[in-house]
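Contents: one structure, followed by commentary.
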Amino acid sequence: MSKIIWTRTDEAPLLATYSFKPIVEAFASTADIDVETRDISLAARILAQFGHHEDALTELGKLAKTPDANIIKLPNISASVVQLKAAIKELQAAGYDLPEYEDATDKYGVAQGSAVNPVLREGNSDRRAPKAVKNFAKKNPHSMGEWSADSKTDVATMDSGDFRHNEKSVVIPSEDSLSIVLVKSDGSEDALKEGLKVQAGEVIDGTYMSAKALDEFLLEQVKRAKDEGVLFSAHMKATMMKVSDPIIFGHIVRAFFADVYEQYGSELEAAGLNGENGLGAIYEGLKDLPNGDEIKAAFDKAMAEGPALAQVNSHKGITNLHVPSDVIIDASMPAMIRAGGKMWNKDDQTQDTLAVIPDSSYAGVFQATIEDCKANGAFDPTTMGTVPNVGLMAQKAEEYGSHDKTFKIAADGKVEVRNSAGDVLIEHDVEAGDIWRACQTKDAPIQDWVKLAVNRARLSGMKTIFWLDPERGHDANLIELVEKYLKDHDTEGLDLSIMSPVEATKVTVERMRAGEDTISVTGNVLRDYNTDLFPILELGTSAKMLSVVPLMAGGGLFETGAGGSAPKHVQQVEEENHLRWDSLGEFLALAESFRHEANNNGNAKAGVLADALETATEKLLDEGKSPSRKVGEIDNRGSHFFLAAYWAEALAEQTENAELAEAFKSVAADFAENAEEINQALLDVQGSAVDLGGYYYPNDEKTSAAMRPVEKLNELIASIK
Ligand code: NAP
């Protein structure tokens with residue numbers, strides 16, 4: 001019996017799993033496929049660190065390196081420290097013997113930030129909007145905010161001293177072991193990292209963000225936002241880049257409240273209130289300080305006198321600076337662009353904003369998109385072209401959240417990357433407080449990425465652009481490698497080019513307006529950004545993307561969309577028992593997973609399941625059976641029911657496999673006959689609060705009861721054999 005691994009993760013996709021997975025198991029069993037669950041939720045990963053749970057992530061990481069892997073990966077939490085602590089507290093309260101976060105930061109660090117995807121991604125990424133989804137979006141466009149030429153919205157980014165401008169890059173000639181050393185001004189040395197294994201052909205980069213340059217830049221932007229009467233908003237990725245971005249976030253908080261830190265800085269720093277955990281944590285911490293009220297008043301005064309802050313939740317007074325993980329650049333910038341360049345102010349009105357993105361590596365992509373909107377107005381989802389992505393990410397390529405190689409520099413001096421012979425490969429003069437980081441990209445993933453780009457260009461016939469910036473050290477090396485490896489392929493008749501991200505954005509966006517499609521072939525960070533930016537503009541959300549990772553060893557990893565785990569959706573379930581999570585990403589991934597099983601193991605029935613599932617998904621979209629955001633209307637559970645009904649119907653009607661057609665005839669009839677009653681019953685359960693028995697580790701029985709509330713439907717699913 002073959003098997004598909006279904007990952008149990010967190011928040012909304014976990015709740016959806018309780019409803020959908022029994023359906024998946026039942027349908028898969030008809031093609032002799034076992035659907036096994038592996039728990040890689042934040043809670044399970046924390047418990048695994050202390051022997052209270054199996055270490056499923058390590059197991060799956062090994063599986064991903066074999067041809068047998070067929071893994072469906074749902075979005076999971078990339079935990080900030082705030083989330084980690086909350087999860088630990090919940091697990092302790094549930095009776096697990098766990099140390100406090102502060103007493104075991106190393107072990108907890110394993111579960112922090114982007115801890116899952118880099119382990120599983122043993123291949124590069126192929127993300128696109130399936131035709132049915134794109135066509136549906138064209139027929140049923142999401143709303144777009146107006147853009148006007150006099151919008152004051154702008155992106156502010158650094159023009160020197162940041163990661164982009166300081167980057168140096170080398171290609172390693174032969175297998176080696178590197179060290180990263182801080183040589184202090186007095187000549188003494190601190191080893192930052194030793195024994196960093198590298199292979200021949202590997203690209204190694206080093207760069208740093210100057211703390212001084214950052215502070216100067218930030219003070220200017222606070223002043224600029226005030227002068228121009230626009231909102232101040234900061235956009236970064238404090239979850240995934242768990243070392244660098246919280247530090248930068250701290251600088252932003254301190255710059256915004258510069259006067260307060262001028263006066264009370266030493267007390268605040270001594271109490272650990274340096275802003276890296278956000279304004280919310282500062283307000284909490286002030287309660288424990290003897291003159292906390294006085295300092296709070298200073299914060300309030302600064303808030304009243306400074307530029308208006310963009311809000312995350314204006315009703316609750318949660319600002320852009322409250323929680324470092326609340327505003328995540330890859331989703332926040334496109335959402336702002338979709339909304340006509342506006343964010344929310346404290347009076348619950350939308351307003352133009354100064355989007356502060358300190359590092360300039362990719363800020364220009366958003367800036368170019370914004371400039372285009374100012375010149376040409378909002379995009380039109382009914383006519384715009386599509387922008388699929390081929391992303392370099394295998395074997396932690398360019399893993400910019402590579403936390404084990406990011407350091408806050410303790411003293412003035414220089415950072416050297418040395419090879420085992422002692423030669424200095426990369427060198428930077430640094431000052432205390434600077435953020436220095438390295439990243440690695442192995443050769444085999446680069447070759448595989450170029451191959452995948454050529455394949456996608458060939459299969460789609462689309463213009464294909466490699467987004468690489470000749471002015472950056474790393475990208476300059478990659479341009480040479482791309483040019484070299486393209487020669488390994490037949491590129492006759494393909495439209496392939498290499499452009500800087502800003503140029504590529506301009507060309508792509510212009511084509512998109514003209515209804516033309518363009519593949520963006522990017523490194524890891526832009527993979528993340530572009531697979532939110534373009535889908536959010538084209539489809540309204542990135543959750544509707546097909547996201548395939550053809551694993552280099554021959555297996556398949558099928559990610560369910562490009563979105564995250566939608567924490568807000570869980571709150572809504574808890575308050576009114578309505579789950580607005582759309583499982584379209586799961587449907588798309590599942591069809592690809594069955595197809596992979598059909599191709600790799602010659603399982604013809606799996607291919608029939610895949611085709612029928614795609615037919616059902618298209619019908620689901622056309623019939624408007626996707627979840628609504630409003631209580632009392634169809635939700636995630638209702639959409640799963642209709643998907644199952646349409647899937648059974650498509651299987652009963654297909655002529656490719658008589659056995660499956662026969663098996664599903666009565667199932668399809670039963671679903672159709674009971675449709676009205678089941679649909680109504682699923683609506684009737686909504687409206688009141690529901691207790692899931694936990695947030696990070698919900699109670700199995702309670703959650704299952706909540707997500708599978710209709711006995712008749714459960715019986716129908718159980719009858720599928
Ligand atoms: P998010 O979970 O994508 O949520 C942002 C909003 O996108 C949601 O509130 C929701 O909008 C919409 N959305 C996303 N997926 C949806 C779906 N399937 N159906 C309906 N709406 C959907 O982004 P986030 O708040 O930035 O991140 C939350 C967590 O997910 C973080 O811990 C983050 O690290 C993690 N994350 C994981 C992955 C991954 O594992 N691949 C990727 C990205 C983020 P409405 O509120 O309008 O309904």
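For this structure, a couple of remarks:
- Computed label-point distance, nm, for sites residue 270 and residue 680 using a 7 Å Cα→Cβ extension: 6.9 nm
- Extension gain for the segment residue 37 to residue 119, taken as residue separation times 0.36 nm less the Cα-Cα distance, is 27.8 nm to one decimal.
- Charge context of residue 693, other residues only, Cβ under 13 angstrom, K/R +1, D/E -1: -4
- In this rough spin-label picture, where each label sits 7 Å from Cα along the Cβ direction, the residue 420-residue 92 distance is 4.5 nm.
- Taking the C-alpha atoms only, the angle from helix 258-270 to the longest principal axis of the chain is near 80 degrees.
- Relative contact order of region 246-372: 20 percent, from C-alpha pairs under 8 Å at least 6 residues apart in sequence.
- Among the listed pairs 152/463; 619/712; 197/544; 134/242; 193/223; 21/65, those whose Cα-Cα separation exceeds 27 Å are 152/463; 197/544; 134/242; 193/223.
- Think of a 1.4 Å ball rolled over the protein heavy atoms: the chain then has 38 Å² of accessible area per residue.
- Each listed q (0.17, 0.23 Å⁻¹) maps to a log10 I(q)/I(0) for region 1-120 from the Debye sum over equal C-alpha point scatterers, namely -0.87, -1.33.
- Mean residue ellipticity (222 nm) of the chain, computed from DSSP H runs ≥ 4 via -39,500 (n - 2.57), nearest 500: -14500 deg cm²/dmol
- Carbon-plus-sulfur accessible fraction, region 33-122 (probe radius 1.4 Å, protein heavy atoms only): 48%.
- In terms of the mean number of neighbouring beta-carbon atoms within 10 Å, the peptides 387-400, 705-718 order highest first as 387-400, 705-718.
- If you take the alpha carbon atoms of region 4-53 and fit the smallest convex hull around them, that volume is 66 Å³ per residue.
- Contact order relative to length of the chain, as percent, for alpha carbon pairs under 8 angstrom and 6 or more apart: 20 percent
- Descending Cα extents along the principal axes, region 143-201, whole Å: 55, 34, 19
- Near-label residues of region 237-252 by backbone N, under 18 Å of a point 7 Å along Cα→Cβ of residue 223: 252
- Estimated FRET transfer efficiency (residue 568, residue 29; beta-carbon r; R0 45 Å; 0.05): 0.85
- Cα-based Rg and Dmax for region 449-587, where Dmax is the largest Cα-Cα distance (Å): 17.7, 58
- Probe 1.4 Å - accessible area at residue 443, Å² to nearest ten: 30 Å²
- Estimated FRET transfer efficiency when R0 is 41 angstrom, pair residue 702-residue 193 (beta carbons, to 0.05): 0.35
- Packing-based ranking of 138-146, 38-46, 498-506, 222-230 yields 38-46, 498-506, 222-230, 138-146, ordered from highest to lowest mean Cβ neighbour count within 10 Å.
- Percent of Cα pairs exceeding the 18 Å cut-off, where the set is region 411-475: 62 percent
- Applying the criteria of a DSSP loop state and at most 16 other Cβ atoms within 10 Å to the GluC sites (Glu not before Pro) of region 598-687 yields 623, 633, 656.
- In plain terms, the bigger the Kirkwood radius, the slower the diffusion; for region 483-522, with that radius from Cα pairs, at 20 °C and 1.002 mPa s, Stokes-Einstein puts D at 185 µm²/s.
- With N counted as the residues of region 127-239, its alpha-carbon radius of gyration over 2.2 N^0.38 Å works out to 1.71.
- With N counted as the residues of region 53-126, its alpha-carbon radius of gyration over 2.2 N^0.38 Å works out to 1.29.
- Ordering of 576-586, 413-423 by packing [mean C-beta count within 10 Å, highest first]: 576-586, 413-423
- Distance (nanometres) between label positions extended 7 Å along Cα→Cβ at residue 629 and residue 52: 3.7 nm
- Relative to the globular-protein estimate of 2.2 N^0.38 Å, the Cα radius of gyration of region 540-624 stands at 1.27.
- Cα-based Rg / Dmax (Å) for the chain: 25.7, 82
- Relative to one another, the C-alpha centroids of region 148-176 and region 116-140 are positioned 26 Å apart.
- A straight chain from residue 66 to residue 429 at 0.36 nm per residue would run longer than the Cα-Cα distance by 126.4 nm.
- Long-range Cα-Cα pairs in region 661-705 (distance over 13 Å), rounded percent: 69 percent
- Three-way shape label, region 277-412, alpha-carbon gyration tensor, a/c 1.5: oblate
- For the chain, the longest principal axis of the C-alpha atoms and the axis of helix 524-539 are separated by about 50°.
- Degrees, to the nearest 10: 11-29 long Cα axis against longest axis of the chain: 30 degrees
The values are calculated or read from the model by the stated rules, or taken from the named source; none is laboratory data. None of the values given here were measured: they were computed from a predicted structure. Reconstructed Cβ throughout: ideal geometry from the backbone, glycine too, with neighbour counts over all protein chains shown. Side chains included, ligands, DNA and RNA excluded: accessible areas come from the protein's heavy atoms. Shrake-Rupley method; radii C 1.70, N 1.55, O 1.52, S 1.80 Å.
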